[in-house]
Amino acid sequence: MEQIGHYIDGAEAAGGSGRTADVFNPATGEVQARVALAGTEEVNRAVEIAAAAQPEWGAATPQARARVMMRMVDLLHRDMDRLAEVLSREHGKTFPDARGDVQRGLEVVEFCIGAPHLLKGEYTDSAGPGIDMYSMRQPLGVAAGITPFNFPAMIPMWMFAPALVCGNAFILKPSERDPGVPVMLAALMEEAGLPRGVLQVVNGDREAVDALLDHPTVQAIGFVGSTPIAEYIYGRGCSAGKRMQCFGGAKNHMIIMPDADMDQAADALIGAGYGAAGERCMAISVAVPVGDETADRLIGKLAPKVEALKIGPCTAGDDVDFGPVITAAAKQGILELVNSGVEQGAKLVVDGRDFSLQGYEHGFFVGAHLFDRVTPDMDIYQKEIFGPVLSTVRAQSYEQAISLAMDHEYGNGAAIFTRDGDTARDFANRINIGMVGVNVPIPVPLAYHSFGGWKKSAFGDLNQHGPDSIRFYTRTKTVTTRWPSGIREGADFSIPTMD
Ligand code: NAD
């Protein structure tokens, strides 16, 4: 049985706590590896190593740090298939989707090559008589990240690439469900020239997370995962005086106006609703057609496409649209919610509950489901399902549709499909949601913009990647200078002003 340990002080390290978790092959249901779960002492050791390694790395020139990122991009291209293969085997997503996971992380590393420009700070010449003023961005010291199972390459890179290029040391606590790729990424960063101990991976569960949250040396923590855990981590980290950014769950709505291109809207919903088995925080899980005629046309186009979706193991190549979900518990939770939808009166247009795949009967496969006539009081509307289930809520007007999305507690992403510019503009301006698509179903911003939701989808002020990530992983210091020729005679007891 493969054992996955940690990556500490420049080398893979076996776990020392005696605790492990099973890593499944979601397609077969078999345990394919055991991952070490770090205890507090192991986390503390990693923090000490990081604190010792950081000053030299932080003192390296921004250009030198950026060059490590440049080499990392090359290594990610070189090892793309190797990473994607491990990723799809542990996660279950299709091979092209796994490559996309690596690619979207790679793009953040590319963004970080330009970080010296963003780290330049600000300068005011002659802010007063003989006075110059400048602001600089300095690293925080040791930062940490806690990441979810659904993007085991991209989300770690969202965090560690900007943290490192800003001169910090970083400790990553990835998901214990698919820990293989994060350890590989840490080794690649060192191959790219990152000094030993500057990036470490500590696998684990709540014990490791709490140790990071409580350690006084850890200055900042990024978290991505479900909302209850995001709230817990945000609260505990803030109480400990750390800088925190915590991203949670989602329930993303897509409004379909009567004037939308219905074929385009249906195709968009198929990709955004069922891709990666719906295990994306930017998946569309609620379709909101405006008017019954629009709803009937949409369901008429969607139903045969949902029925035709091909579900299978990642090894089946192009023949598969999406794979299994991550665990047996996830599968059971999804099916329970589907049953609740039926019991609470929603119309199950496509019923995937009996789906089974010959030869993979023990895999965590869930059939595709399509609901119509879902109402806001139902559990399938209120809760994040995180599976291949699309709910349709019929709205009678644009105002009703936008209110629905605005009243939901989550606020990660939302989209509108329409040909009308006024409606689209109004939607983009008014909606209280962080990432908005106009005729784009999954509006995930590119690496040089920032990613983040609103409401219960995000806690903290600064977003992931883009310019916000440079702000999150640095502290601003402002220096005011005056040289002897500008000094006035005598003491001045009033507050300095520039009148
Ligand atoms: P999760 O919350 O179960 O786990 C996320 C991380 O928290 C993991 O590293 C896990 O080990 C750790 N963790 C779990 N329970 C903990 C506890 N009690 N105490 C401390 N740490 C704990 O999430 P998941 O199932 O891995 O990922 C799916 C969730 O992530 C979904 O809700 C999805 O919407 C969300 N997500 C959000 C975004 C975003 O940007 N908003 C992106 C991707 C995923």
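Some points to look at:
- Flag for residue 427 being closer than 20 Å to residue 295 by Cα and in contact with a strand residue (DSSP E or B) (Cβ under 6 Å, 6 or more places away or on another chain): yes
- The set of residues in the range 438-467 that are outside any loop (DSSP other than H, G, I, E, B), assigned by TED's automatic domain parsing to the domain that holds residue 160 and in contact with a Pro (Cβ under 9 Å, 6 or more places away or on another chain) comprises 464, 466.
- The single condition among (1) more than 19 Å from the chain's Cα centre (by Cα); (2) within 13 Å of the ligand (Cβ to nearest atom); (3) of a type in the set (D, E, K, R) that residue 178 does not meet is (1).
- Candidate set from the range 224-246 (those that are among the hydrophobic types (A, V, I, L, M, F, W, C) and more than 28 Å from residue 391 (Cα to Cα)); member that is nearest to the ligand (Cβ to nearest atom): 233
- Only one of 194, 172 that is more than 8 Å from the ligand (Cβ to nearest atom), in a loop (DSSP other than H, G, I, E, B) and of a type in the set (A, V, I, L, M): 194
- Hey, residue 348 surrounded by 15 or more Cβ atoms within 10 Å (Cβ to Cβ), assigned to a helix (DSSP H, G or I) and free of Cβ contacts under 8 Å to residues at least 40 places away in the same chain or not: no
- A single member of 395, 424, 415, 401 is modelled with pLDDT of 95 or more, under 23 Å from the mean Cα position of the chain (by Cα) and surrounded by 15 or more Cβ atoms within 10 Å (Cβ to Cβ), and it is 415.
- Among residues of the range 268-281 that are in the same structural domain as residue 391 (by TED's automatic domain parsing) and farther than 18 Å from residue 335 by Cα, those with a beta-carbon under 9 Å from a residue that is of a type in the set (Phe, Trp, Tyr) and within 14 Å of the ligand (Cβ to nearest atom) at least six positions away or on a different chain give the pairs 281/151; 281/247; 281/386.
- Summed over the range 92-110, residues that are within 29 Å of residue 206 (Cβ to Cβ) and buried (at least 24 other Cβ atoms within 10 Å of the Cβ) total 7.
- Qualifying residues in the range 12-21 (those that are without any contact (Cβ under 8 Å) to a residue 40 or more places away in the chain and part of a strand (DSSP E or B)) - the one surrounded by the most Cβ atoms within 10 Å (Cβ to Cβ): 13
- Subset tally (residues that are more than 16 Å from the ligand (Cβ to nearest atom), of a type outside the set (Val, Ile, Thr) and in a helix (DSSP H, G or I)) for the range 247-272: 9
- Verdict on residue 326 being buried (at least 21 other Cβ atoms within 10 Å of the Cβ), assigned by TED's automatic domain parsing to the domain that holds residue 407, part of a helix (DSSP H, G or I) and touching a Gly at 6+ places or on another chain (Cβ under 7 Å): no
- Checked against the criterion of being touching a Leu at 6+ places or on another chain (Cβ under 8 Å) and of a type in the set (Gly, Ala, Ser), the candidates 295, 287, 328 yield just one match: 287.
- Restricting attention to the range 111-146 and to residues that are small (Gly, Ala, Ser) and in a strand (DSSP E or B), the residue that is surrounded by the most Cβ atoms within 10 Å (Cβ to Cβ) turns out to be 144.
- Residue selection: residue 162 fails the criterion of being within 12 Å of the ligand (Cβ to nearest atom) and at pLDDT 95 or above.
- From 472, 451, 459, residue being more than 13 Å from the ligand (Cβ to nearest atom) and either hydroxyl-bearing (Ser, Thr, Tyr) or under 20 Å from residue 281 (Cβ atoms) (or both): 472
The values are calculated or read from the model by the stated rules, or taken from the named source; none is laboratory data. Source: prediction; values computed, not measured. Please note: Cβ atoms are built from the backbone with ideal geometry, for glycine as well, and neighbour counts cover all protein chains shown.
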